[in-house]
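Chemist: Take this structure, written in structure tokens, and hold onto it; I'll ask about it next.
Just so it is clear, none of the values below were taken in a lab; they were calculated from the coordinates. Everything numeric here is computed off the predicted structure, so don't read it as measured data. With ideal geometry, Cβ positions are generated from the backbone for all residues, glycine too; neighbour counts draw on all protein chains shown.
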Amino acid sequence: MPDGLILSRDELLQSHDYADPQVEAGYRLHGGFLSDGRYVSPRTLVRTPAVERWARAVVDKGGTLIDVSQDILPTETWPNFAQSKLLLKAGLDRTFWTSLTTTGIVEARGAALCTVSPPDFQPLVLEDLSGTLTGHLAKGLLWAHGADEGGDPGNRTVGAHDVMWFAVRDMVFAKDLYPTPEVERVTRTEPERQMPQIPPEHENLIKFLMSVLVVEVRAESFFAHCCMLLRDHGLFTDRRAEAAHAAEIVERIRQDEAIHVRYLQVFVSELRQFTFGGIKGATFIDPIWDRVRSFVQPERRRAMYAAIQAEAEQKLGPDKARRVLAEFDSLESQSDVGKARSAA
């Protein structure tokens, strides 16, 4: 077995030695800064290079890594940048405030990954899993993901991504500007059996983590969207310095999230390569991955549009609201329209 492919839980959860902690908007946050001022994500001293070694092993064995670029998404971030800027310029800030708040709430729910006990895949496959990422899911990988999102369950004094998003929001908006939104589940797993080749508990974990991966890829698009808005000099003019700094915090979250996309990419890629009962995993993994990544929620967009319309009418009056909404509609991305029609 090549060096560095078998690691302990303690090794995978090691963090760097920070020169300074991360403290923002009065919150003590995870991660920290090295002596040269660079931000370093928590629990990545060993985890990040280990995931890269497992990724190389997939390719070295003749496999391929699944595509996790923005191209796999059936729709783009909505409202898009031009639409979001229009709303903010018109004083319609509830959509962006709600998006930041909702993201923090969803991140907090990610702490549930700390409690997941994955089933053992070794009895199902021909290959030795001791030196694979799949063989390390229960050795800290899922726990680290959950702690990154919703915080270490054993240390509630340090905030994670949930609190970081609230810090971003509070830097550019009043904390209680609007009522806290009700947030639906963002992951989607279908209850019916779709992988009869493996036990239900293994299938459920695979579908769940595929869904989490899609959420993470979609989140990366939203992170970029937020940074563009926060750095636009025509927006947040009364809090320009705070908005620019908020974008830096979003960039730290993006850095933290990169390992989540990468390890889930490697996990699904390994499953495709493993031999289950004489057949390659790709034969039943690929159709499910295609189905999970193509899921769309048109009802969510309709609800958001209705909320935008209601805010516009309340704040601008019916005539100006109609003009703003007409311009909003004209800014709809043609590529997004095409993707949505294809997905439908």
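Chemist: Residue separation times 0.36 nm, minus the C-alpha to C-alpha distance between A244 and A307: what's the value?
Modeler: On the way: separation 63, 0.36 × 63 = 22.68 nm, distance 2.74 nm.
My answer for the length gained is 19.9 nm.
Chemist: Continuing with this model, one more query. Can you list the aspartates and glutamates whose alpha carbon sits under 16 Å from that of K280, skipping same-chain ones fewer than 8 residues off?
Modeler: Within reach: E127, D128, E203, E270.
Chemist: Cross-link candidates for K207: which aspartates and glutamates have Cα within less than 13 Å, leaving aside residues fewer than 8 places away along the same chain?
Modeler: K207 reaches E190, E192, D286, D290.
Chemist: Next question. Compute the distance from the alpha-carbon center of region 37-88 to that of region 183-261, in whole Å.
Modeler: Cα centroid of region 37-88 versus Cα centroid of region 183-261: 9 Å apart.
Chemist: Taking the number of other C-beta atoms within 10 Å as the exposure measure, put K175, K89 in order starting with the fewest. Walk me through the numbers before you get to the answer.
Modeler: On the way: K175 10, K89 13.
The most exposed by this proxy come first: K175, K89.
Chemist: If you don't mind, another one. Fewest to most neighbouring Cβ within 10 Å: what's the order for L29, L73? Kindly include the intermediate steps, with their values, before the conclusion.
Modeler: Details: L29 22, L73 19.
Sorted ascending by nearby Cβ count, the order is L73, L29.
Chemist: Something else now. Can you list the HN-Hα couplings for region 288-303, worked out from phi with the Karplus curve (6.51, -1.76, 1.60; θ = phi - 60°), rounded to whole Hz and with x for Gly and Pro?
Modeler: 6, 4, 4, 6, 5, 6, 8, 5, 10, 10, x, 5, 5, 5, 4, 5
Chemist: Continuing with this model, one more query. What residues qualify as long-range amide H neighbours of H16, i.e. H under 5 Å apart, gap of 5 or more or another chain, H built at 1.01 Å from N?
Modeler: R43, T44, L45
Chemist: Name the lysines eligible as straight-distance cross-link partners of K89: C-alpha to C-alpha under 27 Å, and not fewer than 8 places from it in the same chain.
Modeler: By straight Cα distance, K89 reaches K175, K315, K320.
Chemist: Continuing with the same structure: Which net charge results when you count Lys and Arg as +1 and Asp and Glu as -1 among the other residues whose beta-carbon is under 13 Å from that of R28?
Modeler: On the way: positive: R156; negative: D20, E24, D152.
Spelling it out: positives minus negatives among the neighbours equals -2.
Chemist: Local charge sum around F173 (other residues, Cβ-Cβ under 13 Å, Lys/Arg +1, Asp/Glu -1)?
Modeler: Values: positive: R94, R169, K175, R239; negative: D93, D170, D176, D238, E242.
Cβ neighbours under 13 Å give a net charge of -1.
Chemist: Starting with the fewest neighbours, write out I279, I288 ranked by other beta-carbon atoms found within 10 Å of each beta-carbon. Provide the component values of the computation, followed by the final result.
Modeler: Values: I279 11, I288 17.
Placing the least packed residue first, the sequence is I279, I288.
Chemist: Once you charge only the Cβ atoms, +1 for Lys and Arg and -1 for Asp and Glu, what is the size of the charge dipole of the chain about its Cα centre, to the nearest 20 debye?
Modeler: Working: 40 positive and 49 negative charges, 125 e Å.
Dipole size: approximately 600 debye.
Chemist: Have a look at region 9-343 and give its Rg and Dmax from the Cα atoms, expressed in angstrom.
Modeler: 21.2, 67
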